[in-house]
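Read through the structure below, which is laid out as C-alpha cells, and then see the notes.
The values are calculated or read from the model by the stated rules, or taken from the named source; none is laboratory data. These numbers were taken from a predicted model, which means no experiment stands behind them. No Cβ is skipped: glycine too gets one built from the backbone with ideal geometry, and neighbour counts run over all protein chains shown.
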Amino acid sequence: MDRIRINGGKELHGTIPISGAKNAALPLMTASLLTDETLILDNVPRLADVAQLQRILGNHGVDIMAAGKRAGDSEYQGQTLHISAKNIIDTTAPYELVSKMRASFWVIAPLIARMGEAKVSLPGGCAIGTRPVDLLIMALEKLGAAIAIDGGYVLARAPQGLRGAAIAFPKVTVSGTHVALMAATLARGTTVIDNAAREPEIVDVADCLNKMGAHIAGAGTSRIVVEGVARLGGARHTVLPDRIETGTYAMAVAMTGGDVMLAGARPELLQAALDVLVEAGATVTPTNEGIRIARNGSGIAPVEVTTAPFPGFPTDLQAQLMALMTRARGTSHITETIFENRFMHVQELARFGARIQLDGETATIQGVEALRGAPVMATDLRASVSLVIAGLAAEGETMVNRIYHLDRGFERLEEKLSGCGAVIERITG
Ligand code: EPZ
C-alpha cells in the first residue's frame, strides 16, 4: 500500500493550482443519468472517488469517454468527461460498488425519476459516524416513490412517475438536497424544498441541471423551487473549484509559513474559513488569479470555531484547522456539529506531540512549541490530510500510512506541495 513520507519544517512558496470540486463532480456525473443525451463535464478532478463513480455508472450502462488533452491545456487541468446514459441497462446499484463510496447512493434519484424504479444498496463511505439516508428516502417518498428496504437494498418504485411535492428537511442535508433536486427535475408539477442545503456544490449542480433544461430557482438559498419538466437534454458544464482543497492548502501555508498563490480558487466559496485563517494570523489576499495566502514571522493565534452548514465553517476543514491549532500560541476550541464522530484524527495528531482533549463534540487544543514527525495513519479523507499538514510543520520525518483515503479526494497532493518547496514523496508498494 502506498505511503507518503514528509520531512517537515520547510516553508511553502509558489503556486498551487486548485482542482475541480470532488463534491460537485460526483453529483454532476450522477445527474447524467437523467438524460439520454450527452453531458459534457469539464474540469473533473482525477480522483479515486471519480473513478469509482465511473465504474458505478458503467454498471448502469452509461458510456463515459475521457477526452485527451488539447494544445494549450495546462498540466493540472482537470479532465473532460463525455457522459452518455442513452441506454440504461440496469437500475440496480450493487453492494460491492456502493459500499465503497457513500455518494454513489445518490444514483437512486435520477434512476427513479427517469426509469420509475431503482434498487440501490445502502451506502458505506468514510468512517465519520453514522450517516443515515432516512432524509433522502423521506424526500423520495414525498415525491411519490414507494420505498421498501430488503436485504440491505433500498427498492424504490414510481411506475407512473414522480409528482411534485413540498419537502421540508428537519435538518440541513447536502445529500438530501441533491437527491430531492435531481428527482424533482423530472417530477410532474412543482416541488418546493425547504431548509435546503446552500452549499456551492448544490448551486453548481442546479446550474448544470438548468442548462440541461430543468427549471430550478433559488439554489444557494434555503428554499429551492423546481418546476418539473418531461425530459432533460445534454449540456456542457465546468465543475467549480474545490473549496475544501483550497482551504486545506491555505491551512498548510498558515501552518508552515510562506507565501502561496492558490490559483483558480474563489474566496466567496470559503469566506468563513478565510476569516478564521486571518484571525489565526495569516494574510489572505483575493486576486484575479485566485487567493494568495501568506504567514510571515507572526505566530499562529488560537481560535474558537464551530462547524456549520454553508456559509458556516465547513466540517470538511475541521481536521485541517485542528492540525493548524496544535501549534497556536494558546488554547483553541473546535466544535463539530455536523458529524458526531469526526475526531479520528485526534489520536493520530497526538503522535506528533499535539495536546488535544475531547469532550463530547468539542476539542480543546493546547498549542505546543513544536511537533515532532511520527508514523501515522488515518481512516478518513480529511483526517488524512490533517496529518499531512502536521507533518509539513513537524521536525524530522513523518510517514503517513494508508493514503488510500487521500487519493479519494486530493489530486496530485504530493506534487502540488513539493512544487512549493515541501519535502514530500509517495512511496509505492
Ligand atoms: C456531504 O456529505 C459531503 N459529501 C461531505 O464531504 C460533507 O462532509 C457533508 O456533505 C457536509 O458538508 C459529498 O458531497 C459527496 P449531509 P453528505 O447529508 O451529503 C445527517 C468529504 O470529506 N443526515 O449534509 O452525506 C448526517 O448524518 C465528505 O468530502 C441524516 O441524519 O452530508 C449528518 O449528520 C465527507 N439523514 C448531517 O445530516 C440523512 O438522510 C449532514 O449530512 C442524511 C443526512
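Quick notes on this structure:
- Strands (runs of 3 or more DSSP E) fully within region 362-422 counting 3 or more residues that are in the same structural domain as GLU340 (by TED's automatic domain parsing) and within 21 Å of GLY299 (Cβ to Cβ): 362-366
- Residue in region 320-336 that is farthest from ALA394 (Cα to Cα), counting only those that are touching a helix residue (DSSP H, G or I) at 6+ places or on another chain (Cβ under 8 Å) and within 16 Å of the ligand (Cβ to nearest atom): GLU336
The rows are residues; the columns are (1) surrounded by fewer than 21 Cβ atoms within 10 Å (Cβ to Cβ); (2) in contact (Cβ under 8 Å) with a residue 12 or more places away in the chain; (3) under 21 Å from GLU414 (Cβ atoms); (4) under 14 Å from the mean Cα position of the chain (by Cα).
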residue: MET1; (1), (2), (3), (4): yes, yes, yes, no
residue: SER19; (1), (2), (3), (4): no, yes, yes, yes
residue: THR35; (1), (2), (3), (4): no, yes, no, no
residue: LEU41; (1), (2), (3), (4): no, yes, no, no
residue: ASP49; (1), (2), (3), (4): no, yes, yes, yes
residue: GLY58; (1), (2), (3), (4): yes, no, no, no
residue: MET65; (1), (2), (3), (4): yes, yes, no, no
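- Unique match (being in the same structural domain as VAL376 (by TED's automatic domain parsing) and touching a helix residue (DSSP H, G or I) at 6+ places or on another chain (Cβ under 9 Å)) among ASN43, ASN7: ASN7
- Within region 310-319, being surrounded by 19 or more Cβ atoms within 10 Å (Cβ to Cβ) and either within 7 Å of the ligand (Cβ to nearest atom) or hydroxyl-bearing (Ser, Thr, Tyr) (or both) holds for PRO314, ASP316.
- Test set (1) touching a residue at least 40 places away in the same chain (Cβ under 8 Å); (2) not in a helix (DSSP H, G or I) - ALA272 fails condition number: (2)
- From the list ALA282, ALA323, the lone residue that is aliphatic (A, V, I, L, M) and over 23 Å from the mean Cα position of the chain (by Cα) is ALA282.
- Each residue in region 173-230 was checked for being within 16 Å of the ligand (Cβ to nearest atom), part of a strand (DSSP E or B) and either outside the structural domain of ALA118 (by TED's automatic domain parsing) or in contact with a strand residue (DSSP E or B) (Cβ under 8 Å, 6 or more places away or on another chain) (or both), and 3 pass.
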